């Protein structure tokens, strides 16, 4: 009967449906709004709304008024409504209540249920049921909109999470994330700000939708804008119309001057640390406040976690770079100490390491291996620490026995470096750099490609630098003499292909 829903004409129902969807796109708040309308305007004692998924699983959404349900609904009633898409009503004279369950339909499928309880045992008269069916039609359309909106947001949220989780550094994926977010909430522009604790200000991290002039103005503004209150309160800020807000109010004045009307700011918070701010602006006040759903809050949380993670990674990288720098300096210092002990090789290891780096670049050896090549070149003779000074520093020729001892420095070098995990890639140079293509080298007499590639490279660079450097017992050879020697020994002492490549790099400008 019409008086049961006296506030709801057909136009009224349409306006209510539209208004509720605009008020909130949070499914639970949405359900509570509709349940409340049923109670207050339908003159029922209690109302509830549930979702029905594609597998006929029933999920509770909301009820009104708050508190315990006045009466339970038998499960077989609900299942019957879902199965046959028809309403079911009942009378409970003992509890003096009447109840009804009505389907919410879309394209012939039950997508939800609405339950009503009344203290009137004869409440569900034909006229009342007709109006309830009209009401459920509007609720169904609103619910379908709501579900589509939720699914769209979930898809965007999933994409954003996937993009952010795939990167350790926020700088690279954030522009794409902001573009997705702007499209999802129909925003005109978004700004991500990083909080600079030392200077107590915001630094512009990245933007979407702003022109160059606006970006320049924002940078200048945030360098001087007071942000202490925002950092302390850590609460979202919503300004529906910046154009009528107090002029010059931070942080929105430059945004208003650029013609933006509505403003939403979401704090970016890590583990109790205030990291920054996500600002979203519209030139026209948005119709659907998507932040009611918690969608933007969850996206802001994901950005916060990634920002925090990227900050940790950045600090670790800096620490690692410092450790690597100290580590490399230690290796170079050790190399110089070895040269001081064996004066005839002074500067030799550094020059050979430079040649090896040029060699590796020319041969397109991956850059990730360059440090190992350089370290191997610097430490190739570290095994000489195990050679007695009487042999190592002997001014004259070595006896056969002394030569055997000297040749053990390659094995000593291997034994020194092998326990050091970070130097294991240098072992091939230390152990095999005196092996020769024809098998005449030491310590194992390897031949041809039995010798590791990096050791074959090093052998050529090592001999070339030795020949072109002054020694106590002879003057340096000329470049042409040294290259002629390498050509002559290609296929004997040295890998002929390596010699050919090496001669290309020594003729290239440095």
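For this structure, a couple of remarks:
- Taking other Cβ atoms within 10 Å as a rough exposure proxy, 368, 468, 483, 121 sort from fewest to most as 368, 121, 468, 483.
- Relative to the dominant Cα principal axis of the chain, helix 348-362 is inclined by about 50°.
- Degrees separating the helix 212-224 axis from the principal Cα axis of the chain, which is the longest one: 90
- Put a dot 7 Å past the Cα of residue 397, heading toward its Cβ, do the same for residue 58, and the two dots end up 10.5 nm apart.
- Residue order, fewest to most surrounding Cβ atoms within 10 angstrom, among 241, 381: 241, 381
- Residue ranges 190-197, 393-400 sort as 190-197, 393-400 when ordered by packing (mean number of other C-beta atoms within 10 Å per residue, highest first).
- For the chain: Kirkwood Rh in Å [reciprocal of mean 1/r, alpha carbons]: 30.3
- Point-to-point label distance, residue 91-residue 145, nm (Cα→Cβ direction, 7 Å offset): 3.8
- The slack in the chain from residue 501 to residue 421, taken as 0.36 nm per residue of separation less the alpha-carbon distance, amounts to 25.7 nm.
- Averaging Cα coordinates gives a centre for segment 105-141 and one for segment 182-209; these two points are 46 Å apart.
- Paramagnetic reach from residue 408 in segment 351-393 [backbone N under 17 Å; point 7 Å along Cα→Cβ]: 382-393
- Here the spin labels are modelled as points 7 Å beyond Cα on the Cα-Cβ line, and at residue 133 and residue 216 they lie 6.7 nm apart.
- Axis of helix 295-341 versus longest Cα principal axis of the chain: the two differ by about 10°, to the nearest ten degrees.
The numbers here are math on the coordinates, done by the rules we state, and not lab data. None of these values were measured; they are calculated from a predicted model. As a convention, Cβ positions derive from the backbone with ideal geometry for all residues, glycine included, and neighbour counts pool all protein chains shown.
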